[in-house]
Each structure stands twice: as structure tokens, then as C-alpha cells.
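Asker: If you scroll down you'll find the structure; I have some questions about it.
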Amino acid sequence: MLLLLLVAGLGAMTIVVFLFAPQIRKYAAGGVCQSTTTLQGKTVLITGANTGIGKETAMDLAVRGARVIMACRDVDKGEEAAASIRAAHPKAEVEVRELDLADTCSIRAFAQKFLSEVDHLHILINNAGVMMCPYTKTVDGFEMHVGVNHLGHFLLTYLLIGLLKRSAPARVVVVSSLAHNFGWIRFHDLHSQGSYNSGLAYCQSKLANVLFARELARRLQGTNVTVNSVHPGTVNSDLTRHSTLMMLLFTILSIFLKTPREGAQTSIYCAVAEELHSISGKHFSDCAPAFVAPQGRSEETARRLWDVSCELLGIEWN
């Protein structure tokens, strides 16, 4: 009997989805960046740009005329992505450089070469990330989520901040997530050595993204470099590859999810929208200001996380 009810329920839901599919897709797509800003003469750096929303962001900004540098861990996949962008848009100026955010030596080597070869940096998009991966550590011994999603981008931004200031007006966009609402910074066990839950580790790293963006914005006041974080939406991408359950759910619910192009819209908006030229320290979703959880608005937590991050990375960032 229970099985029959379940089958009937799934059948009814399938009919509803079929009947209202266009409306569902329109709602799921979310906000669209309406800005027509061109970026001729501008240089953009995007991490994790070989796939998903990173690739779509790279394509959009390249079409606007920017020189787009795609920083990727897998250079071969990065070159494939760049080639597909050039095939669709022959005038697109895109290039690939190797960057492994799970290795501080790779980050420093990337930054050193970047600074010796690139004169300006107008937009930095900290986009790369890992989600719900098994318990692993970075080369430097950091738990993978906090190491890649937060500390890797923290160090990269630190190394490039001087160039961003010299290139001002400039923007930093930090890709976070709605998941920050469910995160807490576990200062007593930041690297989940006492206990590990992949979902909670991901949420903690996304909260760290929001706190980093807000604190960096505070410290950059008066420099004409703005910093904002974004929630791209629930995007049907390969970010869920480490979780079989999440992959299954995303497949079943794909009609309710954003495509990578739709998910890239808020990153693009924060990178180019004219009305955001002086807006900093905010959080956006669907190309509009978004709610930030109380733990993401705590100045005390943001400053403490900043100090802990500097200590872990062995840097001084005043």
C-alpha cells in the first residue's frame, strides 16, 4: 500500500512538473545581469574557470572585451575550456595559468609569475571551490574545504592586493553560498580533526568567504577597491562530484536548478554593474542584495578569522 502511494505521489509530481515546466524554469533561472558595460583594456583573473559558473563568467567578461586569465588546477581542462570560448567567440582574449589552491607554494609561484608579467588587475573573482569531499588535507595540512575555499583565496588575494590597488578602480568578487547560513567558524577545531562532517565543513568554508569579503572591504575603505560576496544559486554543475547523494538529488531536481550560465549572472553583475562602483562589503544573490546570516555579520568573528588565517599562512596583512 505504501509503495502504491509513493508511486502515485511521484506520478502526480511528474505531471505537475511537466505542466508547469516553463514557469518552473523561469523562476529557477533567477536574476540576470542587465549591465552592458564593456571591459576593453581591463584585466580579469578568475579561479576555477575551466568549468561551471567560472567558465561562463570567463566567457561573458571576455566577450565584453576583457583580457581574462583563467587560473586552473588542471591546465589541460583549462585549455579545453579556453579553446571552446575562442571557438564560440574568436575575438575573446582568454589565457590559462596553473594554480592549485590546495598548495600555498603553487599559489605563491602563480602570484610571482603573474606580478612579473601582468601590469594591471581590475577584477579578481575568487570562484574555485570544493564541496562535500571526503576528509582530506591540502599540501600544507589544512582541511580541504577551509584550505581551498577560504585560505587559498585569502593568500592569493593577499599576494595580489597591491596590484589591485594600483589598478583601481578595481573589484574583488568572492563566490560564497547560501550554505553560509548553516556554517559556524569552529576556531577550536578549524580543520575538523576532532570530528568531520563534509556538509558542515563546506558550510564553514562558505561562511568564511562571507566574513573574509566583509573584513577585506572594511580594510580597503578609501582605496577604490571594492569587495563583495555572492551566492550564485543552486547550480547544476560538477561541484557535487564528491557526493553520490547530492549528484542523485541534483539529477532528479535538475529542472529546479540553475544552469552554469544562470549561476554566473551574479558574479558577472558584481564584476561589471555600474551602480556597484562604490558598493563594498555586501552580499548578493540573483543580482540583488541578499540576506546575510547573523554569524556572517559578526565583526568580532571576521577579525578573529582574519588573524587566524594570517597566522596559519605565515603572513602579516595589516
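The values are calculated or read from the model by the stated rules, or taken from the named source; none is laboratory data. No experiment lies behind these values; they were computed from the predicted model shown. Note that each Cβ is placed from the backbone with ideal geometry, even for glycine, and that neighbours are counted across all protein chains shown.
Asker: Please name all residue pairs, on different chains or six or more residues apart, with Cβ atoms under 6 Å, provided the first residue is in segment 181-194 and is among the small types (Gly, Ala, Ser) and the second residue is in a loop (DSSP other than H, G, I, E, B).
Answerer: The qualifying pairs do not exist here.
Asker: Looking at segment 302-318, which of its residues are in a loop (DSSP other than H, G, I, E, B) and touching a residue at least 40 places away in the same chain (Cβ under 8 Å)? Lay out the reasoning, then the answer.
Answerer: Start the filter on segment 302-318 by keeping residues that are in a loop (DSSP other than H, G, I, E, B), which leaves 314-318.
The answer is Ile315, Trp317.
Asker: Let me ask you something else. From (1) under 27 Å from Leu257 (Cβ atoms); (2) more than 17 Å from the chain's Cα centre (by Cα), pick out the condition that doesn't hold for Ile46.
Answerer: (2)
Asker: Can you say whether Asp140 is surrounded by fewer than 23 Cβ atoms within 10 Å (Cβ to Cβ), assigned to a loop (DSSP other than H, G, I, E, B), within 20 Å of the chain's Cα centre (by Cα) and charged (D, E, K, R), as far as the supplied structure shows?
Answerer: Values: surrounded by fewer than 23 Cβ atoms within 10 Å (Cβ to Cβ): yes; assigned to a loop (DSSP other than H, G, I, E, B): yes; within 20 Å of the chain's Cα centre (by Cα): no; charged (D, E, K, R): yes.
No.
Asker: For segment 155-195, name all the residues that are under 27 Å from Ala264 (Cβ atoms) and either out of contact with any strand residue (DSSP E or B) (no Cβ under 9 Å at 6 or more places or on another chain) or assigned to a loop (DSSP other than H, G, I, E, B) (or both). So that I can check it myself, show each step before the final result.
Answerer: Quick first cut of segment 155-195, residues under 27 Å from Ala264 (Cβ atoms) only: 155-161, 163-165, 167-183.
Of everything in segment 155-195, those that are under 27 Å from Ala264 (Cβ atoms) and either out of contact with any strand residue (DSSP E or B) (no Cβ under 9 Å at 6 or more places or on another chain) or assigned to a loop (DSSP other than H, G, I, E, B) (or both) turn out to be Leu155, Tyr158, Leu159, Ser167, Ala168, Pro169, Ser176, Ser177, Asn181, Phe182, Gly183.
Asker: Somewhere in segment 196-214, is a residue of a type in the set (D, E, K, R), farther than 24 Å from Val272 by Cα and not in a loop (DSSP other than H, G, I, E, B)? Give the derivation first.
Answerer: If we filter segment 196-214 for residues that are of a type in the set (D, E, K, R), which is where we start, we get 206, 214.
After this cut, where a residue has to be farther than 24 Å from Val272 by Cα as well, the list is none.
Within segment 196-214, not a single residue is of a type in the set (D, E, K, R), farther than 24 Å from Val272 by Cα and not in a loop (DSSP other than H, G, I, E, B).
Asker: Of the residues Thr36, Thr57, which is assigned to a helix (DSSP H, G or I), polar (S, T, N, Q) and either closer than 19 Å to Glu262 by Cβ or under 19 Å from the mean Cα position of the chain (by Cα) (or both)?
Answerer: Numbers: Thr36 fails: assigned to a helix (DSSP H, G or I).
Answer to the check: Thr57.
Asker: With the structure loaded, tell me whether Leu61 is modelled with pLDDT of 95 or more, surrounded by 16 or more Cβ atoms within 10 Å (Cβ to Cβ), aliphatic (A, V, I, L, M) and touching a Lys or Arg at 6+ places or on another chain (Cβ under 6 Å) or whether it fails that test. Working first, answer last.
Answerer: Working: modelled with pLDDT of 95 or more: yes; surrounded by 16 or more Cβ atoms within 10 Å (Cβ to Cβ): yes; aliphatic (A, V, I, L, M): yes; touching a Lys or Arg at 6+ places or on another chain (Cβ under 6 Å): no.
Spelling it out, it is not the case that Leu61 is modelled with pLDDT of 95 or more, surrounded by 16 or more Cβ atoms within 10 Å (Cβ to Cβ), aliphatic (A, V, I, L, M) and touching a Lys or Arg at 6+ places or on another chain (Cβ under 6 Å).
Asker: Please determine whether any residue of segment 274-291 is of a type in the set (Gly, Ala, Ser) and on the phi > 0 side of the Ramachandran plot. Before you say what the answer is, go through the steps one by one.
Answerer: Let us first name the residues in segment 274-291 that are of a type in the set (Gly, Ala, Ser), namely 278, 280-281, 285, 288, 290.
Remaining after also requiring on the phi > 0 side of the Ramachandran plot: 281.
Yes, there is a match, as at least one residue in segment 274-291 is of a type in the set (Gly, Ala, Ser) and on the phi > 0 side of the Ramachandran plot.
Asker: Further, regarding this structure: Residue check: is Leu257 farther than 14 Å from Pro169 by Cβ, modelled with pLDDT of 60 or more and of a type outside the set (Val, Ile, Thr)?
Answerer: On the way: farther than 14 Å from Pro169 by Cβ: yes; modelled with pLDDT of 60 or more: yes; of a type outside the set (Val, Ile, Thr): yes.
So Leu257 passes the test.
Asker: From the set of residues in segment 262-301 that are small (Gly, Ala, Ser), under 14 Å from the mean Cα position of the chain (by Cα) and assigned to a helix (DSSP H, G or I), which is farthest from Ser229 (Cα to Cα)?
Answerer: If we filter segment 262-301 for residues that are small (Gly, Ala, Ser), which is where we start, we get 263-264, 267, 271, 273, 278, 280-281, 285, 288, 290, 293, 296, 298.
Now narrow it down to the ones that are under 14 Å from the mean Cα position of the chain (by Cα): 263-264, 267, 271, 285.
If we keep only those that are assigned to a helix (DSSP H, G or I) too, we end up with 263, 267, 271.
Values: Gly263: 14, Ser267: 9, Ala271: 11 Å.
Residue satisfying both the conditions and the ranking: Gly263.
Asker: So which of Val172, Val130, Val148 ends up being touching a helix residue (DSSP H, G or I) at 6+ places or on another chain (Cβ under 6 Å), under 18 Å from Gly54 (Cβ atoms) and crowded, with 20+ Cβ neighbours inside 10 Å?
Answerer: Every option except Val130 fails the conditions.
Asker: Ala71 versus (1) of a type outside the set (Asp, Glu); (2) in a strand (DSSP E or B); (3) in contact with a helix residue (DSSP H, G or I) (Cβ under 6 Å, 6 or more places away or on another chain): which is the lone unmet condition?
Answerer: So Ala71 meets the others, but not (3).
Asker: Of the conditions (1) touching a residue at least 40 places away in the same chain (Cβ under 8 Å); (2) touching a strand residue (DSSP E or B) at 6+ places or on another chain (Cβ under 7 Å); (3) not hydroxyl-bearing (Ser, Thr, Tyr), Glu95 fails just one. Which one is it?
Answerer: Among (1) touching a residue at least 40 places away in the same chain (Cβ under 8 Å); (2) touching a strand residue (DSSP E or B) at 6+ places or on another chain (Cβ under 7 Å); (3) not hydroxyl-bearing (Ser, Thr, Tyr), Glu95 violates only (1).
Asker: Need the failing condition index for Leu178 against (1) over 19 Å from Glu215 (Cβ atoms); (2) over 15 Å from the mean Cα position of the chain (by Cα), just the number.
Answerer: The number of the failed condition is (2).
Asker: Scan (1) closer than 23 Å to Ala49 by Cα; (2) hydrophobic (A, V, I, L, M, F, W, C); (3) modelled with pLDDT of 95 or more; (4) assigned to a helix (DSSP H, G or I) for the single condition Val227 breaks and write down its number.
Answerer: Condition not satisfied by Val227: (4).
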